[in-house]
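> Quick one: structure below, then a few questions.
The values are calculated or read from the model by the stated rules, or taken from the named source; none is laboratory data. Source: prediction; values computed, not measured. A quick note on method: Cβ atoms are made from the backbone with ideal geometry, for glycine too, and the neighbour counts reach across all protein chains shown. Heads up: the accessible areas ignore ligands, DNA and RNA and are worked out on the full protein's heavy atoms, side chains in. Shrake-Rupley method; radii C 1.70, N 1.55, O 1.52, S 1.80 Å.
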Amino acid sequence: MNDQWIFHNVRSSILDQDDVDTDAIIPQTELVTTAKTGLSKGLFARWRYDGTGLLRSDFVLNKSDNRRSKVLVSGRNFGCGSSREHAVWALKDYGIVAVLALSFGEIFYRNSVRNGLIVAAISDGTYNMLLRSCNPESMGMFMSLDFGGKRIEWLTSEGLVETADINIDDGDRERIASGQDDIDITLKCQSEIDQYVEQDLSARPWIYSTTR
């Protein structure tokens, strides 16, 4: 997976905030479907829209340069709160392919990996570099990701190229890159499972008397 660029020079936005919980990512009032699509309008609904339902010009994803952002950068504990999987679905339905943050809520992180949303931790130093590098008006920039090498590259507002490492577990990285779900991963151990069942059948045949 060396030098595997998942995306190259795509728009990225910084939501400079800690503890962005799943209810902020998609409020309960926007949970209108059990499908994984049709949720993009509800993404950050309380922050993206004013009381009349119009887009708020001061929210980062509403900036004209950022409306097609593929990468979202944020602070500590992103995705904390409830376990609703809709938060991941809404981000993906909007078009976000990766979230980079100082840290993540554990359940949100696992849900992201299972659904193929890239989630990777960045250091305080990298986060501060990104804040300094982005356009101060839009809080956006262009960024690329080397998923195999676990690093990002971006353009500063002055047009300079910066790079930094990202942190993601190798197993999670492989799972996201291959699109494997829990069943796929379990089936990779099929021979070991079959061997165990045969050994257990010899040792405890009564357990299998109603199934075989």
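> Run the Debye formula on the Cα coordinates of the stretch 15-85, all scatterers equal and no solvent, and tell me log10 I(q)/I(0) at q = 0.23 1/Å.
Listed by q, the Debye log ratios stand at -1.22.
> Here's a follow-up. Could you state the orientation-averaged shadow area of the convex hull built on the Cα atoms of the stretch 164-212, in nm² to one decimal?
If I average the Cα hull's projected area over directions, I get 5.0 nm².
> For Val73, list long-range residues whose amide hydrogen, built 1.01 Å from N in the peptide plane, is under 5 Å from its own amide hydrogen.
Ser13, Ile14, Leu15, Leu100
> Report the semi-axes of the equivalent ellipsoid for the stretch 63-212 in whole Å, largest first, where each axis is √(5λ) for an eigenvalue λ of the Cα gyration tensor. Don't jump to the answer; show the numbers that get you there.
On the way: eigenvalues 354, 50, 32 Å².
Rounded to whole Å, the semi-axes are 42, 16, 13.
> Let me ask something additional. For a quick check, take a GNM of the chain with Cα springs below 10 Å and name the residue from Thr33, Thr156, Thr52 with the largest mean-square fluctuation.
Thr52
> Report the paramagnetic label zone for Asp58: residues of the stretch 131-149 whose backbone N is under 20 Å from a point 7 Å from Cα along the Cα-to-Cβ axis.
135-140
> Between Lys36 and Glu162, what is the FRET efficiency for a Förster distance of 35 Å, r being their Cβ-Cβ separation, to the nearest 0.05? If you can, show how the numbers build up before the last one.
Numbers: r = 34 Å, r/R0 = 0.97.
Rounded to the nearest 0.05, the efficiency is 0.55.
> Work out the length of the dipole vector of the chain about its Cα centre, built from +1 on the beta-carbon of each Lys and Arg and -1 on the beta-carbon of each Asp and Glu, and round it to the nearest 20 debye.
About 660 debye.
> In addition: If you put +1 on each Lys and Arg Cβ and -1 on each Asp and Glu Cβ, how big is the dipole of the stretch 1-66 around its Cα centre, in Debye rounded to 20?
Numbers: 7 positive and 10 negative charges, 77 e Å.
Result for the stretch 1-66 is approximately 380 debye, rounded to the nearest 20.
> Between Gly79, Leu102, Phe147, whose Cα lies farthest towards the positive end of the dipole of the stretch 1-152 when Lys and Arg beta carbons carry +1 and Asp and Glu beta carbons carry -1, centred on the Cα centre?
Of the options given, the answer is Phe147.
> While we're here: Note down the relative contact order for the chain as a percent, whole number, built from C-alpha pairs under 8 angstrom at least six residues apart.
Across the chain, relative contact order equals 23 percent.
> List the GluC sites (Glu not before Pro) within the stretch 147-212 that fall in a DSSP loop (any state other than H, G, I, E or B) and whose Cβ has at most 15 other Cβ atoms within 10 Å.
Answer in residue order: Glu158.
> Run a plain Debye calculation on the stretch 93-150 (Cα atoms as equal point scatterers, no solvent) and give log10 I(q)/I(0) at q = 0.31 Å⁻¹, rounded to two decimals, same order as the q list.
Each listed q corresponds, in turn, to -1.30.
> Just to be sure I understand the model, the point goes 7 Å from the Cα along the line to the Cβ. What's the resulting Arg48 to Asp170 distance in nm?
Label-label distance for Arg48 and Asp170, simple model: 3.8 nm.
> State the antiparallel share, in %, of DSSP beta bridges confined to the chain, rounding to the nearest 5. Numbers along the way, then the final one.
Numbers: 18 of 32 bridges.
Given both bridge residues lie in the chain, the antiparallel proportion sits at roughly 55 percent.
> Dipole magnitude of the stretch 28-147 about its Cα centre, charges +1 at Lys/Arg Cβ and -1 at Asp/Glu Cβ only, in debye to the nearest 20?
My answer is approximately 220 debye.
> OK, next. Let's test this: bin the Cα-Cα distances of the stretch 1-124 at 5 Å from zero up to the farthest pair and state each bin's percent.
Pair shares across the bins are 2, 11, 21, 26, 21, 12, 4, 1, 0, 0.
> Still on this structure, please answer the following. With a 1.4 Å probe and every protein chain kept in, tell me what percent of the accessible surface of the stretch 73-155 is carbon plus sulfur.
On the way: 1430 of 2800 Å².
Of the solvent-accessible surface of the stretch 73-155, carbon and sulfur hold 51 percent.
> Mind checking the stretch 1-55 for trypsin sites (Lys or Arg not before Pro) that DSSP puts in a loop (not H, G, I, E or B) and that have at most 14 other Cβ atoms within 10 Å?
Lys36
> In whole Å, what is the distance between the alpha-carbon centres of the stretch 150-207 and the stretch 115-146?
24 Å
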